[in-house]
Amino acid sequence: MIEYLLFDVDNTLYPASCGLAKVIGERMTDFVTEYLELPREEAHRLRKKGSARYGTTLDWLRNEHAFEDIDTYMETVHPPEVGSYIPENPRLREMLTELDRPRSVLTNGPRPHAQRVLRHLEIDDVFEYIFDVGFTGYRGKPYAATYRKVLDTLGIQAENTLLIDDHPLYLTGFRDLGGQVLLVDEPGTAGESADGMPVIRTIDELPDFLHEAGIVPA
């Protein structure tokens, strides 16, 4: 039985096709290009390799390049305005509140970015907590310690919790702890990395998934 819902933010609560996450990725590459003084193409290659290894670009920079100015990084790579990217979704607020399960946000982004997105979607008051990447010392998903700290804070068990995310690696980390997972894969490109996970294309499909799985009554 699912007793609690944990939601990622980027490419999960809004469609990946809107382009915001792509812009964030480009800003990360620009940041790495300048910080490491590399050609942009090389910076992009190293960033993707490093983020795959550590879970985030930031954690890669901290572990392999002695990076410490976290606030500057976060402010630089996250656009100060998100409304021009994210489409309105008037049904989203009603859908989330009708699920009749307590819920929180678990994001590898900073709190100000998560708050901007939630305010734009008019759902900033429907979550109990925003667990941002700073919550566990900037080592977020997929580290087991991150999930354990969130679960302990909420007083819940992994096996009774559903994590909804667009990143298979992050879901795998939670599933390894016994948690339940749901992949949001709008482009349908997860392929083998989904590793048998249940999949929906957009967050709007969440109620049908929960109903069909018998998690909430239809």
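Restricting attention to region 99-151, and to residues there that are among the polar types (S, T, N, Q) and closer than 11 Å to PHE7 by Cβ, which single residue is surrounded by the fewest Cβ atoms within 10 Å (Cβ to Cβ)? If we take residues in region 99-151 being among the polar types (S, T, N, Q) and closer than 11 Å to PHE7 by Cβ, then SER104 is surrounded by the fewest Cβ atoms within 10 Å (Cβ to Cβ). Scan region 26-58 for residues that are loosely packed, with under 13 Cβ neighbours inside 10 Å, under 21 Å from the mean Cα position of the chain (by Cα) and not hydrophobic (A, V, I, L, M, F, W, C) and the total you get is 2.
All of (1) over 16 Å from the mean Cα position of the chain (by Cα); (2) assigned to a loop (DSSP other than H, G, I, E, B); (3) surrounded by 13 or more Cβ atoms within 10 Å (Cβ to Cβ) hold for GLU205 with one exception: (2). Note on region 108-137: residues that are touching a strand residue (DSSP E or B) at 6+ places or on another chain (Cβ under 7 Å) and closer than 17 Å to ASP165 by Cβ total 5.
Determine whether ARG40 is free of Cβ contacts under 8 Å to residues at least 60 places away in the same chain, over 21 Å from ASP132 (Cβ atoms) and either assigned by TED's automatic domain parsing to the domain that holds GLY173 or in contact with an Asp or Glu (Cβ under 8 Å, 6 or more places away or on another chain) (or both). So ARG40 passes the test. I'd like to check something: does region 208-218 contain any residue that is modelled with pLDDT under 95, within 17 Å of the chain's Cα centre (by Cα) and not hydrophobic (A, V, I, L, M, F, W, C)? No: region 208-218 contains no residue that is modelled with pLDDT under 95, within 17 Å of the chain's Cα centre (by Cα) and not hydrophobic (A, V, I, L, M, F, W, C). The C-beta contact set for region 69-95 (first residue closer than 14 Å to ARG27 by Cα, second residue not in a helix (DSSP H, G or I), distance under 7 angstrom, 6+ apart or interchain) comprises MET74/PRO110; HIS78/GLY109; HIS78/PRO110. Does LEU61 fit the bill of being aliphatic (A, V, I, L, M), outside the structural domain of ASP208 (by TED's automatic domain parsing) and more than 16 Å from the chain's Cα centre (by Cα)? Spelling it out, LEU61 is indeed aliphatic (A, V, I, L, M), outside the structural domain of ASP208 (by TED's automatic domain parsing) and more than 16 Å from the chain's Cα centre (by Cα). The residues of region 20-65 that are in a loop (DSSP other than H, G, I, E, B) and modelled with pLDDT under 95, listed by number, are GLY55, THR56.
The values are calculated or read from the model by the stated rules, or taken from the named source; none is laboratory data. Given the structure is predicted, the values throughout are model-derived calculations rather than measurements. Methodologically, a virtual Cβ is constructed for each residue, glycine included, from the backbone with ideal geometry; neighbour enumeration extends over all protein chains shown.
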